[in-house]
Structures are given as C-alpha cells and as structure tokens.
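The values are calculated or read from the model by the stated rules, or taken from the named source; none is laboratory data. These numbers come from a predicted model, not from an experiment. Ideal geometry is used to build each Cβ from the backbone, glycine not excepted, and the neighbour counts take in all protein chains shown.
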Amino acid sequence: MLVIALSSPLLVGVYESDKLIESFKSDEMASDSLPKIFKKILNSFTCKELFYAKGPGSFMAIKVTYVYLKSLQIVLHVPLFACEGFIFNENYPIKALGNQWFFKEREGIVLKENNMAKTKPFKLPNILDRKKFSKENEPLYVLSAI
C-alpha cells in the first residue's frame, strides 16, 4: 500500500506485484480518512509492505500519516518505506502555508514565498518503483528558520 497525504486529496494505492490494482481518494483530514480507507483495504487485501510520501507538505497530515503507518507496521509486522513527495507530482512545487511553497532544488528542498507557483496534483504511480523508497521513513519536516 502507498499513501500520499501531503495535501488534499489524500491518496492510497493498493499494489500487487508492484502494479496499482485499486486506489482510494479522500478530501477528509488524514486522521479521519486513513482508518476508514484502511478498514476497507485490510478487509479485502493482505498487507505485506507499507510505502508513503514522507514530505514535504502539510505538517499535521505528515505527522498523522507517519504515526498511523508506523502503528500498522508494528501491528502487522510489515516493513515501512518512504520517499519525498516530489516523486508523485513530477517535481512541481508543493503547497506549504499561506503563499509559501516547497521547491526541489539542487541544494535540497527550500521554502519560498511565491504567489504564482505552478503546481501539479499528486498522482499514484501505475507501477511502484521500489528504488525510490528507503527504510529511512521518519517524516520530512521542512520548516523555515525562526
């Protein structure tokens, strides 16, 4: 299963042999939608691995998703893998707060003010590319300096 919960809508994909076989979409908050979606999934499928976009994006959605998936990892005895969210929107800017956006640049991920940022919605890949994921699955919180 792959979860992308960096912004609305939240996306969850079920993969078999690395091919997307079913997808779920929700405009609800991650804390409300994840239990509902995973109840459906776990009643129909056996979870062998968990994948998620660890950031950047909505701080609260990332935190809730991580805690939820980490709990599932422990209960189901399955591995949890993560990657940056830019993989799922073709490296377009990701909304932060107000008129701030996260940009992927050579020096890393930067937070910039930009009223004209072009975006692209997140999309579940049809084929899960495992090489893009890592066992380093802690959330990626990109916060500006105070």
Considering only residues of the stretch 124-137 that are touching a strand residue (DSSP E or B) at 6+ places or on another chain (Cβ under 8 Å) and surrounded by fewer than 17 Cβ atoms within 10 Å (Cβ to Cβ), which is nearest to residue 17 (Cα to Cα)? 127
Would you point out which residue out of 69, 6, 20, 111 is touching a residue at least 24 places away in the same chain (Cβ under 8 Å) and more than 25 Å from residue 127 (Cα to Cα)? 111
I'd like the full set of residues that are crowded, with 20+ Cβ neighbours inside 10 Å and touching a Ser or Thr at 6+ places or on another chain (Cβ under 9 Å), limited to the stretch 94-113. 94, 96, 101
What do you reckon, is residue 24 modelled with pLDDT of 95 or more, more than 14 Å from the chain's Cα centre (by Cα), hydrophobic (A, V, I, L, M, F, W, C) and more than 20 Å from residue 138 (Cα to Cα)? no
For the stretch 56-81, which residues satisfy the criterion of being small (Gly, Ala, Ser) and modelled with pLDDT of 95 or more? 71
Residue in the stretch 40-55 that is of a type in the set (Gly, Ala, Ser), free of Cβ contacts under 8 Å to residues at least 60 places away in the same chain and over 22 Å from residue 136 (Cα atoms) present: yes
Here are some conditions: (1) over 15 Å from the mean Cα position of the chain (by Cα); (2) surrounded by 17 or more Cβ atoms within 10 Å (Cβ to Cβ); (3) modelled with pLDDT of 95 or more. Residue 89 meets all but one. Which one does it not meet? (1)
Selection status of residue 60, surrounded by fewer than 15 Cβ atoms within 10 Å (Cβ to Cβ) and either under 22 Å from residue 104 (Cβ atoms) or touching a helix residue (DSSP H, G or I) at 6+ places or on another chain (Cβ under 7 Å) (or both): yes
For the stretch 18-47, how many residues meet the condition of being within 28 Å of residue 92 (Cα to Cα) and not in a helix (DSSP H, G or I)? 12
Regarding residue 84, is this residue farther than 26 Å from residue 142 by Cβ, surrounded by 14 or more Cβ atoms within 10 Å (Cβ to Cβ), modelled with pLDDT of 95 or more and charged (D, E, K, R)? no
Taking the stretch 27-39 on its own, how many of its residues are more than 17 Å from residue 139 (Cβ to Cβ) and in contact (Cβ under 8 Å) with a residue 12 or more places away in the chain? 6
